[in-house]
Amino acid sequence: MKRKFRVRLRLIYLFFVLLLGCFCILDCKNPFKTRSSPPPKFSEGTWETPALPEIVIQNLLNAYNEKVIGNFIQCLYDSFRFSAPEDSIDAVNQGRTDLFEDWDRSVEISVTTSIFNTSRQNPDSLSYLLSFHLTPPVPDDLGDTLAVLSRDYELLILDSKVTPPETTWAKGTATFKMIQTSLNWWSIYLWTDIPAVTGEDDWADFKARFRQ
C-alpha cells in the first residue's frame with residue numbers, strides 16, 4: 001500500500017515538474033529561432049542601391065531636394081571632378097579665375113554641405129527645388145563599366161536674403177560620366193554643366209555662390 005502511494009506521489013510530482021517546464025518554455029523566446037538583424041538606429045532620406053547608372057541620377061535628385069549630404073556623397077566617385085566650361089569663361093572675364101578651378105570631390109562636398117545647411121537652417125531665407133526632365137537630351141550611353149547620362153534640369157531658387165526677395169530659374173544640361181566600382185555600384189566621376197541659354201543662370205552659378 002505504501003509502495004503504491006509512493007509511486008502515485010512520484011507521478012504527481014513528475015506531472016507538476018513537466019507542467020512547470022511547459023510554462024517556462026511557452027514564456028521564453030525560442031532559443032533555436034534565428035535572430036533577425038536589428039533595425040538601423042536611424043534612416044534619413046530616400047536611397048536605393050545604385051546598381052544601375054539611372055539609379056545614381058535619382059539618388060542625386062532625392063539627396064539634393066531632401067538635403068541629405070550622406071546620400072549625396074555616395075553618388076560621387078573618389079576622383080570626382082566638376083566642370084562648367086561656359087561659367088569658367090565668364091568667371092575669368094570677371095576676374096574670378098579660381099571660382100571653378102580644381103573643383104574636385106572635396107570642393108563638391110563642401111559646397112553642397114553649405115547649400116544644404118543654409119537651406120535647412122534658414123528655409124525662410126533660401127529654398128530651392130530641383131527637377132530633371134523625363135526625356136534626356138541625348139540617349140544614355142551605357143557600357144559594362146562606364147556610362148554617360150545627360151539630363152536637362154530646372155532649379156527653382158527662392159532667395160529671401162535680398163530685398164525684394166528674388167525667384168530665379170536656373171536651367172541647363174548636366175552630363176554625368178559614371179564608373180562601376182568594385183562593389184558593382186555606380187558613381188559619378190565627372191559632372192559637366194552648361195546653361196540652357198548662354199549667359200543665363202544655371203546650376204553651376206548657384207553652386208559657385210557657396211564656394212568658400
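Details
- Filter result for residue 200 (over 23 Å from the mean Cα position of the chain (by Cα) and among the charged types (D, E, K, R)): yes
- From the options 66, 86, residue that is under 14 Å from the mean Cα position of the chain (by Cα), among the charged types (D, E, K, R) and under 19 Å from residue 210 (Cα atoms): 66
- Condition check for residue 172: small (Gly, Ala, Ser) and exposed (fewer than 15 other Cβ atoms within 10 Å of the Cβ): no
- Taken over region 180-199, the residue count meeting the criterion of being modelled with pLDDT of 95 or more and farther than 21 Å from residue 64 by Cα is 2.
- Of all residues making up region 51-104, the number that are touching a strand residue (DSSP E or B) at 6+ places or on another chain (Cβ under 9 Å), assigned to a helix (DSSP H, G or I) and within 17 Å of residue 149 (Cα to Cα): 8
- Flag if residue 93 is exposed (fewer than 15 other Cβ atoms within 10 Å of the Cβ), of a type outside the set (Gly, Ala, Ser) and under 18 Å from the mean Cα position of the chain (by Cα): no
- Residue in region 112-134 that is of a type in the set (Lys, Arg) and crowded, with 18+ Cβ neighbours inside 10 Å present: no
- The one condition from (1) small (Gly, Ala, Ser); (2) within 21 Å of the chain's Cα centre (by Cα); (3) at pLDDT 90 or above that residue 43 does not meet is (3).
- Among residues of region 158-175, those that are out of contact with any helix residue (DSSP H, G or I) (no Cβ under 7 Å at 6 or more places or on another chain) and not in a loop (DSSP other than H, G, I, E, B), counted: 9
- Residue within region 193-211 that is under 26 Å from residue 48 (Cα atoms) and touching a Lys or Arg at 6+ places or on another chain (Cβ under 6 Å) present: no
The values are calculated or read from the model by the stated rules, or taken from the named source; none is laboratory data. Treat the numbers as computed from the prediction; the structure is a model and nothing was measured. Heads up, the Cβs are rebuilt from the backbone with ideal geometry, glycines too, and the neighbour counts pull from every protein chain shown.
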